[in-house]
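Beneath this line is the structure, given in structure tokens, with notes to follow.
The values are calculated or read from the model by the stated rules, or taken from the named source; none is laboratory data. Note that the coordinates shown come from a computational prediction; the quantities given were computed from them, not determined experimentally. Because the Cβ atoms are built from the backbone with ideal geometry, glycine has one as well, and the counts that use them run over all protein chains shown. Please note that ligands, DNA and RNA were not included when accessible areas were found on the heavy atoms of the full protein model with its side chains. Shrake-Rupley method; radii C 1.70, N 1.55, O 1.52, S 1.80 Å.
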Amino acid sequence: MGVQLVCFAHAGAGVTAFRRWRELSGGALEPRPWLLPGRDGRRREPRVTGRAALLDDLRALLDDPPTGPYVLYGHSLGGMIAYTLTRALHEAGAPLPGLLAVGACPPPHAPLGLPRAADAPDGELVRFLDSFGAAPPGAVPGDLWHRKVLPVLRDDLRLAADLRAAALTPSAAGPLPVPVLAVAGAEDALATPDDLAGWSGWTTGRFVRRTVPGGHFFVRDRELPRLIGRAGRVLLRGDRQTAGR
């Protein structure tokens with residue numbers, strides 16, 4: 001059985017990107033994707049746009065974290081969600097993940113490509129999204145994507161901005177003591193490999209940076225689940241060795 005993986009998707013997305021992760025990791029992972037409100041099966045629920053509302057939504061994980069070794073992974077916005085959850089667990093004295101993994105997500109202190117993106121005019125926001133492949137080709141004002149997806153993206157960008165701002169306030173519990181794996185796409189202009197190196201200052205644990213092929217949405221490709229799967233195997237192996245002492 002693989003290591004438990006609680007995972008969070010990028011802005012505007014559901015959880016379909018993680019559908020084949022167990023298979024693609026060779027059984028090393030047991031994914032538990034967390035679907036945020038306002039999309040797919042939770043589309044009728046109000047979307048969360050701030051840290052407090054997010055932690056309320058994650059209450060089940062805060063009150064009852066996975067048993068045994070587990071990994072948190074978040075992609076882009078999901079990386080900030082995974083960090084925020086790990087910090088809240090640390091502050092509550094709850095069992096921490098054996099690994100925090102973030103992908104395509106600059107650290108909280110890093111400048112972003114479009115400040116206050118959530119409140120930018122439609123045209124400016126769509127051009128920004130298109131610059132890293134987040135807007136569909138041929139999207140025009142008034143179409144289904146503008147009416148259904150763009151509002152979700154705006155609220156997710158508001159959430160990301162609030163999480164990043166909150167992270168800059170030092171935690172009373174101190175920096176995270178968990179290992180951090182930061183993964184960048186080689187062709188990602190929004191979150192470059194150099195950007196992700198900045199995560200090293202956000203943990204007192206081991207820090208590893210890796211680069212995989214692809215742009216901002218390499219979460220949809222094969223290399224990432226294999227990489228996280230290898231990390232999961234190391235985590236499980238260490239846990240078994242500790243248990244045998």
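Of note:
- Each residue of the range 58-75 was assigned a 3J(HN,Hα) from its phi angle through the Karplus expression (A = 6.51, B = -1.76, C = 1.60, θ = phi - 60°), giving 8, 3, 4, 6, 5, 7, 9, x, x, 7, x, x, 8, 10, 10, 10, x, 10 Hz with x at Gly and Pro.
- Each peptide in 49-56, 179-186, 220-227 gets a packing score, the mean of other Cβ atoms within 10 Å over its residues, and the list from highest to lowest is 179-186, 220-227, 49-56.
- Taking every protein chain into account, the accessible area of the range 164-236 amounts to 47 square angstrom per residue (probe 1.4 Å).
- Note on the chain: helix-only mean residue ellipticity at 222 nm, from DSSP H runs of 4+ residues weighted -39500 (n - 2.57) and normalised by residue number, equals -10000 deg cm²/dmol.
- By average C-beta atoms within 10 angstrom, highest first, the peptides 167-176, 80-89: 80-89, 167-176
- Solvent-accessible area, 1.4 Å probe, carbon plus sulfur percent, for the range 1-73: 47 percent
- Translational diffusion of the chain, estimated by Stokes-Einstein from the Kirkwood radius over alpha carbon pairs at 37 °C in a medium of 0.692 mPa s, is 180 µm² per second.
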